[in-house]
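**Q** Dropping a structure here in structure tokens format, bear with me for questions.
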Amino acid sequence: MPSARFLSVKLILATLIAVIGVVGFTCLGIWQVKRLHWKLDLIERVDTRIHADPVAAPSPALWSDITSEKDEYTRVRLTGEFLNDDEVLIYTPSDFGPGYWVLTPLKRDDGTIVMVNRGVVPQEQALAGDFTRIRGETTVTGLLRMSESEGWLFSRKNDPENGNWYRRDIASITQAKGFAQAAPYFVDQDAIDPTGWPRGGKTVVSFRNSHLSYALTWFALALVMVAGYTLVLRQEIKHRP
């Protein structure tokens with residue numbers, strides 16, 4: 001029969017592990033609950049922005065204060081003239097198979113440039129330039145989007161030197177085009193012609209929200225630690241002389 005001293009050391013070790021485990025897993029669970037509330041609040045705010053009346057697109061004075069959390073998916077309106085000769089095609093998987101986003105610079109009256117994602121065009125038509133271009137002054141309404149530092153899964157890196165683009169990295173695009181005063185954001189234009197190309201209004205607004213399942217997992221692990229410690233404690237009491 002194990003000695004009382006051995007059992008005491010074993011109990012101390014089990015207690016230490018249990019305390020660390022329960023406290024750690026519980027803290028992680030609480031953190032995920034807080035993240036859940038933050039995510040639900042974000043989803044609600046974004047939903048409100050998407051369905052709100054459009055506001056003027058941020059001017060240069062506001063560019064440095066734009067953040068994803070408070071500004072992305074805001075409905076905006078801006079007026080200017082498309083610089084069609086400087087449009088950029090960005091490869092993307094789409095509902096129509098392989099395709100390209102058509103990003104066209106819009107030059108405003110103050111000389112600043114805002115990149116506008118006019119929509120998607122199927123690959124063959126896009127490469128052939130077989131889609132509508134707008135001439136003269138026009139007004140664009142759409143959703144403010146932040147520059148993409150990463151592309152879709154397995155996408156290749158942008159190749160500005162050869163004009164091959166795979167993500168909407170606005171800083172790289174405007175730099176390659178030589179635009180000195182360009183907004184750090186772009187605008188996903190609303191659908192204008194539901195049967196024509198480019199096909200706008202294809203913004204996917206989706207937020208992964210697994211925080212509740214994560215929280216339940218961490219809390220469950222904390223309970224497992226409690227159950228395990230309970231078994232060890234029972235064995236300790238059972239083997240005591």
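**Q** Looking at (1) surrounded by fewer than 19 Cβ atoms within 10 Å (Cβ to Cβ); (2) farther than 29 Å from residue 208 by Cβ; (3) of a type in the set (Val, Ile, Thr), can you tell me which one residue 104 breaks?
**A** Result: residue 104 passes all but (1).
**Q** Report yes if some residue within region 183-193 is over 16 Å from residue 116 (Cβ atoms) and either in the same structural domain as residue 27 (by TED's automatic domain parsing) or free of Cβ contacts under 8 Å to residues at least 60 places away in the same chain (or both); otherwise report no.
**A** no
**Q** Under the condition of being out of contact with any helix residue (DSSP H, G or I) (no Cβ under 6 Å at 6 or more places or on another chain) and surrounded by 15 or more Cβ atoms within 10 Å (Cβ to Cβ), which residue from region 145-157 is modelled with the lowest pLDDT?
**A** Filtering first and then ranking leaves 151.
**Q** With respect to residue 5, is the statement that it is exposed (fewer than 14 other Cβ atoms within 10 Å of the Cβ) and at pLDDT below 90 true?
**A** So residue 5 fits the description; yes.
**Q** Right, here's the next one. Here is a check on your reading of the model: is residue 198 outside the structural domain of residue 78 (by TED's automatic domain parsing) and either at pLDDT 90 or above or farther than 28 Å from residue 52 by Cβ (or both)?
**A** Criteria met by residue 198.
**Q** When only residues in region 43-68 that are in a helix (DSSP H, G or I) and either among the β-branched types (Val, Ile, Thr) or touching a helix residue (DSSP H, G or I) at 6+ places or on another chain (Cβ under 7 Å) (or both) count, which is surrounded by the fewest Cβ atoms within 10 Å (Cβ to Cβ)?
**A** 48
**Q** Name the residue, out of 69, 81, that is acidic (Asp, Glu) and over 30 Å from residue 216 (Cβ atoms).
**A** 81
**Q** Evaluate the following for residue 126: is it of a type in the set (Gly, Ala, Ser) and closer than 30 Å to residue 52 by Cβ?
**A** The answer is no for residue 126.
**Q** Among the residues in region 88-99, are any over 25 Å from residue 56 (Cα atoms) and not in a strand (DSSP E or B)?
**A** yes
**Q** Sticking with this one: Are any residues in region 44-66 modelled with pLDDT of 80 or more and within 24 Å of residue 202 (Cβ to Cβ), and if so, which ones?
**A** 52, 53, 54, 55, 56, 57, 58, 66
**Q** Of the conditions (1) within 24 Å of the chain's Cα centre (by Cα); (2) at pLDDT below 95; (3) not aromatic (Phe, Trp, Tyr), residue 113 satisfies every one except a single condition; which number is it?
**A** It is condition (2) that residue 113 fails.
**Q** Restricting attention to region 201-241, and to residues there that are in contact with a helix residue (DSSP H, G or I) (Cβ under 7 Å, 6 or more places away or on another chain) and β-branched (Val, Ile, Thr), which single residue is modelled with the highest pLDDT?
**A** Per the stated criteria, the residue is 226.
The values are calculated or read from the model by the stated rules, or taken from the named source; none is laboratory data. Note that the coordinates shown come from a computational prediction; the quantities given were computed from them, not determined experimentally. As a convention, Cβ positions derive from the backbone with ideal geometry for all residues, glycine included, and neighbour counts pool all protein chains shown.
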